[in-house]
């Protein structure tokens, strides 16, 4: 009986797979909490669907955070450092509309999904933007990790 239990336990352990996501080796996930009050002029653009703002790195994220109003009181927040190389002088992305661009390689990312829009077809692994938690209540967006 013990042999059967041992065999079943061994099969169960070896049958488990690791379906976890691959972490981005270039970006550390630091802990922070930032509250963006939409009544303040700096964050008031977020009252409009599809509008985004940049929050500087001194207060959130590694190189800052992009926050976008995705509609229906839903907000998305992404790291502003390009996810496809280590943070450096040119890795802080800029945005125009709903697209963030890395000034190092010119990679473009959607601020609605965080996805790399112009992924090279060269067989290398490319990462999408690192997303942070964003919650909304009382006209305040809380971004945290």
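The values are calculated or read from the model by the stated rules, or taken from the named source; none is laboratory data. No experiment lies behind these values; they were computed from the predicted model shown. Cβ coordinates were reconstructed from backbone atoms using ideal geometry, including for glycine residues, and neighbour counts include every protein chain displayed.
For region 83-96, enumerate the residues that are exposed (fewer than 13 other Cβ atoms within 10 Å of the Cβ) and modelled with pLDDT of 95 or more.
Those that are exposed (fewer than 13 other Cβ atoms within 10 Å of the Cβ) and modelled with pLDDT of 95 or more: 94, 96.
Output the residue which, of all residues in region 65-78 that are free of Cβ contacts under 8 Å to residues at least 40 places away in the same chain and surrounded by fewer than 19 Cβ atoms within 10 Å (Cβ to Cβ), is farthest from residue 137 (Cα to Cα).
Out of the qualifying residues, it is 71.
Yes or no: residue 113 loosely packed, with under 15 Cβ neighbours inside 10 Å and touching a residue at least 12 places away in the same chain (Cβ under 8 Å)?
Taking the combined requirement at face value, the residue does not satisfy it.
How about region 45-79: which of its residues are part of a loop (DSSP other than H, G, I, E, B) and under 17 Å from residue 31 (Cβ atoms)?
Of everything in region 45-79, those that are part of a loop (DSSP other than H, G, I, E, B) and under 17 Å from residue 31 (Cβ atoms) turn out to be 57, 58, 59, 60, 61, 62, 63, 64.
Return the total of residues in region 126-145 being in contact (Cβ under 8 Å) with a residue 40 or more places away in the chain and assigned to a loop (DSSP other than H, G, I, E, B).
7
What number goes with the only condition from (1) assigned to a loop (DSSP other than H, G, I, E, B); (2) in contact (Cβ under 8 Å) with a residue 12 or more places away in the chain that residue 120 does not pass?
(2)
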